[in-house]
Every structure is written in C-alpha cells, then in structure tokens.
Amino acid sequence: MRELPPLSEPCFGFYATPFGECCMAFSNDGICALTFPEDRDRGWADLQSRFPGVDFKRNDTKVAAYVRQIFGKGKRPVVHPIGTDFQLSVWEALQNIPAGKTTTYAQIADVIGRPKAVRAVGTAIGANPIVYLIPCHRVIRTDGSLGGYRWGLECKKAMLAYEKR
DNA sequence: ATAAAGGCCACCC
DNA sequence: GGGTGGCCTTTAT
C-alpha cells in the first residue's frame, strides 16, 4: 500500500442499508471506505488493515446520514479512494460502468490499457475500498459467470438485482 | 530480492 | 462441470 495521506477528523461507523449493515469511514470529509462485512469486528479489522494506526472516532449518526444520501434520492457523495496508481486506474474505470449494466474483468483491463493484466485487475477490484459507489459488483467473468465478491456473492447478486431495470 | 497469493482467462478434457 | 499454465500486481518474507 502506498503511503497514506493525512486523515483529518477520521471517523467511521455502521448502519443498515438495503444490502445489510455497512461499515463506512471518512477522511477529509469524504468517504474513504464503504464495506459490507459479515460482522462489526471484521469491518473494523478491514479498516485497520487499510489505514494502519489511524484513530477513527465512532460516529454512526454521520454514517446514517450518508446512507440516506446514497441509497435515497440524495446526490452521489464524493469518494476518496486511496491506493496504488494501478488500483486507482482500475477503480476509476469502474465508475464509468452505468447502473444496470455489467462488464468483464478483461474489458476493464483493456480500458486501462493493460490487456494482459486481467488477473491483477481482479485483485485490484477485490481491494476496492468503497464498494457500491465504486461499482465493482458490475464486473463479471468473460464466460458470463458471476466471478467473486469480497463481501459475499449474495451481496453482489443483491446489488445487481437492485439495479436491474 | 524473492515467494506466494489472488474476485481471471484461454484451453483442454 | 473440472484442471493447467500463463499473466500481472501486491504483500509478506
């Protein structure tokens, strides 16, 4: 992982969404993490591994407000993903997939100009820190099968169904 | 510096 | 459906 930028007023929390309870974290007043862990311990552990040593303050109220904005009629909040140049280019490409559509790991590799790096694209997508807003769930395998999902295939299925039509 | 582990793909059976 | 070899990045030795 590259060196982390300073996080001002870092905070995090948990809140219910249409896809189960999410774990969300903020840096510099923007979202730096959005995940759907099986339980809160895992959510916290994931956050610690992504941002070692950062002292996030618990703030479920703030998370609740953002959940309403994201899954209600609110405008899309700004995302602040942190990663390597390769990861950022992959996550950037994901944001151009329209809702209700899917693409493949190989197509993403083409879009970022690294057609041979399909395997690495899969790994980078698995490391997506801000799921749903950076729609890694819209990426499936070339053969049409679903592929994997860091937070459980049921979650991926639910998101795709939610966006269908 | 090197090894091991990945949300993959093409190809074979 | 399953297994193999190749590919590339990241993380941990």
Yes or no: A:Thr61 polar (S, T, N, Q), away from DNA strand B (no atom under 15 Å from the Cβ) and either assigned by TED's automatic domain parsing to the domain that holds A:Ile130 or modelled with pLDDT of 95 or more (or both)? yes
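Restrict the check to the range A:62-70 and report whether at least one residue is more than 27 Å from A:Gly113 (Cα to Cα), in contact with a Ser or Thr (Cβ under 7 Å, 6 or more places away or on another chain) and hydrophobic (A, V, I, L, M, F, W, C). Don't jump to the end; show me each part of the working.
So in the range A:62-70, the residues more than 27 Å from A:Gly113 (Cα to Cα) come out as A:62-70.
Narrowing further to those that are in contact with a Ser or Thr (Cβ under 7 Å, 6 or more places away or on another chain): A:67.
This time we only want the ones that are hydrophobic (A, V, I, L, M, F, W, C), so: A:67.
Looking through the range A:62-70, at least one residue is more than 27 Å from A:Gly113 (Cα to Cα), in contact with a Ser or Thr (Cβ under 7 Å, 6 or more places away or on another chain) and hydrophobic (A, V, I, L, M, F, W, C).
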Could you tell me how many of the residues in the range A:122-157 are more than 7 Å from DNA strand B (Cβ to nearest atom), assigned to a helix (DSSP H, G or I) and closer than 25 Å to A:Val78 by Cβ? 3
Count of the range A:77-105 residues which are exposed (fewer than 15 other Cβ atoms within 10 Å of the Cβ) and within 13 Å of DNA strand B (Cβ to nearest atom): 1
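Go through the range A:53-64 residue by residue and tally those that are of a type in the set (Gly, Ala, Ser) and either surrounded by 18 or more Cβ atoms within 10 Å (Cβ to Cβ) or in contact with a Gly (Cβ under 9 Å, 6 or more places away or on another chain) (or both).
First, pick out the residues of the range A:53-64 that are of a type in the set (Gly, Ala, Ser): A:53, A:64.
Of the ones still in play, those that are also either surrounded by 18 or more Cβ atoms within 10 Å (Cβ to Cβ) or in contact with a Gly (Cβ under 9 Å, 6 or more places away or on another chain) (or both) are A:64.
Of the residues in the range A:53-64, 1 are of a type in the set (Gly, Ala, Ser) and either surrounded by 18 or more Cβ atoms within 10 Å (Cβ to Cβ) or in contact with a Gly (Cβ under 9 Å, 6 or more places away or on another chain) (or both).
When the residues of the range A:119-149 are narrowed to those that are touching a residue at least 60 places away in the same chain (Cβ under 8 Å) and away from DNA strand C (no atom under 12 Å from the Cβ), which ends up surrounded by the most Cβ atoms within 10 Å (Cβ to Cβ)? Break it down into steps so the answer makes sense when it comes.
Just the residues of the range A:119-149 that are touching a residue at least 60 places away in the same chain (Cβ under 8 Å), to begin with: A:129-133.
If we keep only those that are away from DNA strand C (no atom under 12 Å from the Cβ) as well, we get A:130-133.
Numbers: A:Ile130: 24, A:Val131: 22, A:Tyr132: 21, A:Leu133: 19.
Taking the candidates together, the pick is A:Ile130.
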Restricting attention to the range A:77-84, does a residue exist that is part of a helix (DSSP H, G or I) and on the phi < 0 side of the Ramachandran plot? no
Evaluate the range A:44-52: report whether one residue or more is without any contact (Cβ under 8 Å) to a residue 40 or more places away in the chain, closer than 22 Å to A:Tyr149 by Cα and buried (at least 18 other Cβ atoms within 10 Å of the Cβ). yes
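Counting only residues that are of a type in the set (D, E, K, R) and within 21 Å of A:Trp91 (Cβ to Cβ), which one in the range A:150-165 is farthest from DNA strand C (Cβ to nearest atom)? Don't jump to the end; show me each part of the working.
Our first condition is that a residue be of a type in the set (D, E, K, R); within the range A:150-165, this holds for A:150, A:154, A:156-157, A:163-165.
Those still in the list that are within 21 Å of A:Trp91 (Cβ to Cβ) too: A:150, A:156, A:163.
Values: A:Arg150: 13, A:Lys156: 16, A:Glu163: 24 Å.
Looking at the filtered set, the residue picked out is A:Glu163.
Could you check the range A:27-43 and list, in sequence order, the residues that are surrounded by 13 or more Cβ atoms within 10 Å (Cβ to Cβ) and not in a strand (DSSP E or B)?
Within the range A:27-43, the first condition is being surrounded by 13 or more Cβ atoms within 10 Å (Cβ to Cβ), and the residues that meet it are A:27-28, A:31-37, A:42-43.
Across the range A:27-43, the qualifying residues are A:Asn28, A:Phe36, A:Pro37, A:Arg42, A:Gly43.
The values are calculated or read from the model by the stated rules, or taken from the named source; none is laboratory data. This is a predicted model, so every value here is computed, not measured. Cβ sites come from the backbone with ideal geometry, for glycine too, and all protein chains shown count toward neighbours.
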